[in-house]
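The values are calculated or read from the model by the stated rules, or taken from the named source; none is laboratory data. Predicted, not measured: the structure shown is a model, and the values here were computed from it. Cβ placement follows ideal geometry from the backbone for every residue including glycine, while neighbour counts extend to all protein chains displayed. For accessibility, only protein heavy atoms count, side chains too; no ligands or nucleic acids. Shrake-Rupley method; radii C 1.70, N 1.55, O 1.52, S 1.80 Å.
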Protein chains: 2
Amino acid sequence: MAFKEILRQVVESVDGAIGAIVIGYDGIPIDEYVLEDVTLDLHLLAVEYSSILRDIKKTLEVLGSGDMEEVSINTGTTRVIMRPVTDEFFVALALEAEGNFGKGRFVLKRDAGKLREALA
Amino acid sequence: MAFKEILRQVVESVDGAIGAIVIGYDGIPIDEYVLEDVTLDLHLLAVEYSSILRDIKKTLEVLGSGDMEEVSINTGTTRVIMRPVTDEFFVALALEAEGNFGKGRFVLKRDAGKLREALA
């Protein structure tokens, strides 16, 4: 299945989801799917967050507290859930503040494997 | 109510919670409550994460995407949920990997106000 199709299914499975993107830890995006009427610049957000995830990966190595599985950053306007797909790429799912955060975590975990296979 | 008492109530309200700490974004801790038989160094972890939260705050300002409300960093062994208490301090709740993440988010949100009052 094509990347964008998997990302579309993730977004459409979660109430309040507005977009999803697969992007490298170096900030170079692979593909994204964003709802049409959304003003959020998911691309820019993911580029900024890629640098934060790199720092988190380094910190977890220093602490020896296990591999990064999921990071979320929630503000008054947007919730973003991120999961590693491979050592080089992660997927980020953005939701409105009222979006279904628990469902978002579940669907992203469920479909990260599909994205990994599509990258192979 | 004393800090440690609020932190104890948070930890004891959540299945799988192992400790909670209030710490400054500068990495200087105020108080913590950690279960006795836990090997996790919550203090060290919170110091490392304080630097990550500082970067996230800066990034959110650049993006203009709302104030930081909640950040979580989950690994194969530990889940950590963090919320700002004031502009200077945040609270971090650590759970085992099998801990009740949803309940942890709920309780931390519910009790962040008590911690804010205790700081005032």
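Report the relative contact order of the stretch A:47-97, percent, no decimals, based on alpha-carbon pairs under 8 angstrom and at least 6 residues apart. Display every interim value, and only then the final one.
Numbers: 56 pairs, mean separation 12.1, N = 51.
That works out to 24 percent.
Go through the stretch B:60-90 and flag every residue whose accessible area shrinks by 40 Å² or more with all protein chains in place compared to the isolated chain (probe 1.4 Å).
The answer is B:L63, B:S65, B:E69, B:E70, B:S72, B:I73, B:N74, B:T75.
For the pairing of chain B with chain A, what total accessible surface becomes buried, with a 1.4 angstrom probe, in square angstrom to the nearest 100? Mind showing how you got there, number by number?
Numbers: alone 6590 and 6580 Å², together 10970 Å².
That pair of chains buries around 2200 Å² in total.
How much of B:E69 can a 1.4 Å solvent probe reach, expressed as accessible area in Å² and rounded to 10?
Rounded to the nearest 10, the figure is 70 Å².
Using only alpha carbon pairs under 8 Å that are at least six residues apart, calculate the relative contact order of chain A and give it in whole percent.
30 percent.
Relative to the first principal axis of the alpha-carbon coordinates of chain B, what is the inclination of helix B:42-63, with its axis defined by its Cα atoms, in degrees from 0 to 90 and to the nearest 10?
Helix B:42-63 and the main axis of chain B meet at about 30 degrees.
Amide H neighbours of A:T86 under 5 Å, counting only residues 5+ apart in sequence or on other chains, H built in-plane at 1.01 Å?
Counting only residues 5 or more places away or on other chains, the set is empty.
On average, how much accessible surface per residue is there in the stretch A:46-111, in Å², for a 1.4 Å probe, leaving out ligands, DNA and RNA?
Numbers: 2670 Å² over 66 residues.
Per-residue value: 40 Å².
Mind grabbing the base-10 log of I(q)/I(0) for the stretch A:1-75 at q = 0.12, 0.18, 0.24, 0.25 Å⁻¹? Debye formula, identical points on the C-alpha positions, no solvent, two decimal places.
For the requested q values the scattering log ratios are -0.39, -0.82, -1.18, -1.22.
Just to be sure I follow the rule: in chain B, considering lysines 8 or more places apart or on different chains, how many pairs have Cα atoms under 21 Å apart? Write out the running numbers ahead of the final one.
Working: B:K4/B:K103; B:K4/B:K109; B:K4/B:K114; B:K57/B:K109; B:K103/B:K114.
So the count of such lysine pairs works out to 5.
Give, to the nearest whole percent, the P(r) tail of the protein assembly as shown beyond 28 angstrom, counting all Cα pairs. Walk me through the numbers on the way to the answer.
Numbers: 8165 of 28680 pairs.
For the protein assembly as shown, the fraction of Cα-Cα distances above 28 Å is 28 percent.
Using helices alone, I'd like the mean residue ellipticity at 222 nm for the protein assembly as shown: each DSSP H run of four-plus residues gives -39500 (n - 2.57), total over residue count, nearest 500.
Values: 6 runs with 104 residues, N = 240.
Theoretical 222 nm ellipticity from helices: -14500 deg cm²/dmol.
Hey, what do the phi angles of the stretch A:103-108 turn into as Karplus ³J(HN,Hα) couplings, whole Hz, using 6.51/-1.76/1.60 and θ = phi - 60°, x for Gly and Pro?
5, x, 4, 5, 5, 5
Please name the residues of the stretch B:38-59 whose accessible area, counted over protein heavy atoms with a 1.4 angstrom probe, falls by no less than 10 Å² between the chain alone and the full protein assembly.
Listed by number, the residues meeting the 10 Å² cut-off are B:L44, B:L45, B:E48, B:Y49, B:I52, B:D55, B:I56, B:T59.
Run the accessible area of the protein assembly as shown with a 1.4 Å probe and give the carbon-and-sulfur part as a rounded percent. Please list the in-between numbers first.
Values: 5210 of 10970 Å².
Carbon and sulfur atoms account for 48 percent of the accessible area of the protein assembly as shown.
Just to confirm the numbers: B:V62, label point 7 angstrom along the Cα-Cβ line, distances to the other copies in nm, shortest first?
In ascending order, 1.9 nm.
I want the local charge near A:E61. Using Cβ-Cβ distances under 12 Å, sum +1 for each Lys or Arg and -1 for each Asp or Glu among the other residues.
Net of charged neighbours comes to 0.
On a 0 to 90 degree scale, rounded to 10, what angle separates helix A:3-13 from the longest Cα axis of chain A?
Approximately 70 degrees, to the nearest 10.
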